[in-house]
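Here the structure comes first, spelled out in structure tokens, and everything after it is commentary.
Derivation of every value follows stated rules applied to the coordinates shown; laboratory data play no part. These numbers were taken from a predicted model, which means no experiment stands behind them. Every residue, glycine among them, receives a Cβ derived from its backbone with ideal geometry; neighbour counts consider all protein chains shown.
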Amino acid sequence: MRSLNRTIGTARRPVRQGRTASLVRDSSLVWLAGGIVGVSFGAVSVAGGLPWWVPVLMSLVVYAGSAQFSAVGVLLAGGGPLAAAATGLLLNTRTAAFGLAVADLLGPGRATRLLGAHLVTDETVAFALAQPDPARRRAAFWVSGLGLFAAWNVGVAAGALAGSALGDTGRYGLDAAFPAVLVALVLPALRADRGVRRAALIGAVIALAVTPVVPAGIPVLLALPGLFTLAGVRR
């Protein structure tokens, strides 16, 4: 029996390794985009007058791209730390819904769930939920989450050290990297499910309508009613 178990375990190992390799390959584009935008964030922060360690520490502790950009924008505009923190917290409230979507993927244990909650981002959740089965979704969450966390922080550190040498980071179009990756991730779900398409269309219409009149990041929150349409279809 022990020999049989050892044989089964040996046979499963290449399968797991192959699955991890394919997830690394598929999520590498997300990591690349994260690193590029991280360079932009670090450079913008230092070029605006913040010490290099501020964006680096923020990226390790807060780890929320849009919230970090908004918080730094408030600081560079003359706002205080409390106003910057409140802005970031408001923009990050959408991750509460993301956390519910991937709660069963984090695994047991308080420390594991705490680490998993820190890795919840738009890109990681989208990549995980795009997988076909629970085991692959769980592996995709951790592979993409840890890889994106590393790429983001390396990018931020590189951008912060480069400082103002990059000049105006907006002219490079770095802010378009993440939206392009997200579109690529959600396309399979949109093609496969009419209910998802309906919910996405309602959310997109709301977000586009309010974008000219609300701060960046808020349109995503206001688009959440589209999910209620999806819930009604499922019921």
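A few points about this structure:
- Report note on the peptides 186-192, 142-148: ranked by the mean count of other C-beta atoms within 10 Å, highest first, their order is 142-148, 186-192.
- If the chain linking Ala162 and Val61 were pulled fully straight, counting 0.36 nm for each residue of separation and taking away their Cα-Cα distance, it would gain 34.2 nm.
- Karplus-derived 3J(HN,Hα) values for segment 141-148, using 6.51 cos²θ - 1.76 cosθ + 1.60 with θ = phi - 60°, are 4, 6, 5, 5, x, 5, x, 5 Hz; glycine and proline are entered as x.
- Under Karplus coefficients 6.51, -1.76 and 1.60, residue-wise ³J(HN,Hα) of segment 120-137 in Hz, glycine/proline x: 5, 9, 3, 5, 5, 5, 4, 5, 5, 6, 7, 7, x, 9, x, 5, 6, 5
- Each 10 Å bin from 0 upward holds the following percent of the Cα-Cα pairs of segment 21-96: 18, 47, 25, 9, 1.
- Note on segment 42-159: Rg/Rh from Cα positions, Kirkwood definition for Rh, rounded to two decimals, is 1.02.
- As a length-normalised measure over Cα pairs under 8 Å and 6 or more apart, the relative contact order of segment 46-127 settles at 24 percent.
- Relative contact order of segment 11-166, taken over Cα pairs closer than 8 Å and 6 or more residues apart, is 43 percent.
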